[in-house]
1. With +1 on each Lys and Arg Cβ and -1 on each Asp and Glu Cβ, and nothing else charged, work out how big the dipole of the range A:3-304 is about its Cα centre, in Debye to the nearest 20.
2. Report, as an integer, the average count of C-beta atoms from other chains found within 10 Å of each Cβ along A:156-164.
3. Hey, got the average number of other protein chain Cβ atoms within 10 angstrom for residues in A:235-244?
4. Can you give the relative contact order of the range B:376-460 as a percent, counting alpha carbon pairs under 8 Å and 6+ residues apart?
5. Suppose the Debye formula is applied to equal point scatterers at every Cα of the range B:396-465; what is log10 I(q)/I(0) at q = 0.29 Å⁻¹?
6. Quick one: B:M268, B:M280, fewest Cβ neighbours within 10 Å first, how do they rank?
7. Summarise the partner chain shielding of A:11-20 as one whole number: the mean count of Cβ atoms from other chains within 10 Å of each residue's Cβ.
8. To the nearest 0.05, how large is the calculated FRET efficiency for A:A116 and A:D268 if R₀ is 30 Å and r is the Cβ-Cβ distance?
Amino acid sequence: MSAPAQSVFRRLFDEVGPVDHVGIEERVAKYTTRSIKKNAKLWGLKTAVSMVDLTTLEGKDTPGKVASLCQKALRPHDGLDCPPVAAVCVYPAMVKHARRALGEDTAVRIASVATAFPSGQAPLRTRLAEVKAAVADGADEIDMVINRGAFLSGEFQLVQDEIVAVRDACGSATLKVILEVSELETYDNIRAASFLAMRVLRPGDFIKTSTGKTTLNATLGNNQVMLEAIRDFYLDTGTPIAMKPAGGIRTAKQALQFLIAVKETLGDAWLNNTRYRFGASSLLNDLLRQLEKERTGAYQAPYYFSEAAESY
Amino acid sequence: MSTLTAQKRPVSRPQGRPAPELIFGDLWEYDPAPETADPKLKARYELFIGGKFVAPKSGKYFDSINPANEQKLAQIAHANAADVNAAYAAAKKAFDTTWGKMPGKERAKYLYRLARLLQDRAREFAVAETLDGGKPIKESRDFDVPMAAAHFFYHAGWADKLDYVAPGRKVAPLGVVGQVIPWNFPLLMLAWKIAPALAMGNTVVLKPAETTSITALKFAELIQDAGLPPGVVNIVTGFGDTGAAVMGHPTAAKVAFTGSTEVGKIIMRSLAGTDKKMTMELGGKAANIVFDDAPIDQAVEGIINGIFFNQGHVCCAGSRLLVHEPIAERFLAKLKTRIKTLRVGDPLDKNTDIGAINSKEQLATITRLVAAGVKEGAKMFQPACSLPAKGYYFRPTVFSGVSMSHRIAREEIFGPVLSVLTFRTLDEAVEKANNTAYGLSAGVWTDKGSRILKMSTELKAGVVWANTYNKFDPTSPFGGYKESGFGREGGRQGLLDYCKLA
């Protein structure tokens, strides 16, 4: 790394402070020993359902697949008293089909991954055009990826400028900034990138762990680093930034552990779907399965639950 | 496109608006999650002498109380000098006839057996430990019991390799060892004492603390199950008089004591002029030192773990926080935020972070010292958590604005009470950290490796943890400087304190 790039890194890290890897792992290990029973479990499961961004991001997605995903999002399971999910998350080309399936007046929002997801390796004007197209087709939320190459070579200004450009292209749509944590590699980098993004976000915009397209996605560890960054930023500026872990959260048990982290780090104000989301697809059915188990006292076979989406 | 410079700095809060605050309320309250394993307690526990449970000669018993609800758990025998005599006679006989002559590899089998039996019944022991001592079940389940088993495993491994403990020299057991242990980690302290003594070939007379005798007596059941020769381990229960008889007995070749510095001094005085070997693990007033470049959130977590682990009933608890002046205010704010999320209450609940204070007497001591802190002008912070109506509980407490001359900065409180001081330079931090009669442990929090090394050589403490706290391992020797005692427990060094070198 060249000398100027190094000093840029050092300056940013000095501003936001370091993260101790071992300490983070120790902290999050404690969340996994919490025991959530009875009403607390029911509340946690239902809240988690309401936080799901039900996702399909595949080359083989079709309007039909997206329509059936939207139906699932609106009514996750027959005979179960549970809320709809927060949003469906699709590629830009599928936004108009999702809008047709959901209609204009709906509780479920449409999120779209724009900006040459997942790599982000396209010219900026292409990425911005994609964002604008998705918003024009009816997307309520845009999930963008940051320029990891620029971040790792110390061009923080470029990273931030691009976020600003995408934010402005979003108009009134909510922006979610994907840091792609597995490509940033260290907790120090994740914290620094969180701050880079948060400094140019609007209240209610999100920072998000990953695309779900790399080997390592959301973990309790990187979730914790980002929650602590959000907390510090909120206490300093009063601007509440929302959080979305994505990828790798497949079971209800995991989801409850992530929620425990939210409760004990950011408190009650973040325990709702305007401030916290799960980017997931197979998670939803496990949540439903656990809710059915709480209701009936027995586990149902997986084939009693519709539409097991496979993507992430 | 907006430029970075226009957006770079976070928009500061407009003047006059209230500072943003986090809400740690009851939106998602955890339901009670009590551990339900059966502790299998007896109504009455006798003394364990010569491999059998025997009634005390005096016929006297005392009650063991559950500090979480003040209910009686069991009756415990009160041993007098005659009982202690019988225990030493049994131990001497076992040393002369069986244990002292047994090859190390045979002794190892017994120790492995004890370790496995303890693992088999881990849940039962954890619940018993929590009921008797008041510590949260998550600590007895995840720390006390597994660590006790680990000590037996580790020392079992040494038993047939003693020729390598002190290269070039021969080792031999001492004989009968008298041991007195405290109430903060009843089972773990028992393991720290018994495992190295037995591995070396000594036999033992052990006295647990009067408020926490139950797990020691349950352990006596394991000794029977493991088929140890009678008299290798003898457990006598009682109060200070019993302890004095154990420490002062002429048969004891060595005494080992863990407890307060005050009692340690009494024991040392009474043994002056005898040829008994001694090890003392006494009090502490550890400094946890946070530099301005430390990973703040993880340091906060470590400070919390350092002082509130086991309700602060830890001799190496980080009871003094020394924080670098530039970050003092911010650090204290974060510490308070974190404390608000700690859960104080029923120790048997799996979600409890801070359990019950061990005894009424200890609660009175803590209350008295905290009152002294308030009176001397330190600023007190306690979270607004509710405490159970019955039982001995104390809110986690932080004092700021503390100076070195305050009582709360000098005396060991042995409770969930943290005193916060500040420093400007490394030298000042060292000076303040070492300005105490104790020297058991210390913690250093910094991102700079060279500073860790410098601090670890300058701090007069038996253990210096860097960017972590309260880490224990059977392989790592533990013990103090100055009035925190002498001798080491754990590791090779710990074994050397239980043998004669020739």
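1. Working: 38 positive and 34 negative charges, 180 e Å.
Here the size comes out at about 860 debye.
2. For peptide A:156-164, the averaged partner shielding equals 3.
3. Working: counts 9, 7, 6, 10, 4, 1, 0, 0, 0, 0.
Per residue, the number of nearby Cβ atoms from other chains is 4 on average.
4. Numbers: 74 pairs, mean separation 17.6, N = 85.
In percent, rounded to a whole number, it is 21.
5. Log10 I(q)/I(0), no solvent term: -1.44.
6. Numbers: B:M268 17, B:M280 22.
In increasing order of surrounding Cβ atoms, one gets B:M268, B:M280.
7. Values: counts 0, 0, 1, 1, 0, 0, 9, 8, 5, 12.
That average works out to 4.
8. Details: r = 37 Å, r/R0 = 1.24.
It comes out at approximately 0.20.
Every read-out reported here was derived from the displayed coordinates using simple, explicitly stated rules and does not represent laboratory data. All values reported here derive from a predicted model rather than from experimental measurement. Reconstructed Cβ throughout: ideal geometry from the backbone, glycine too, with neighbour counts over all protein chains shown.
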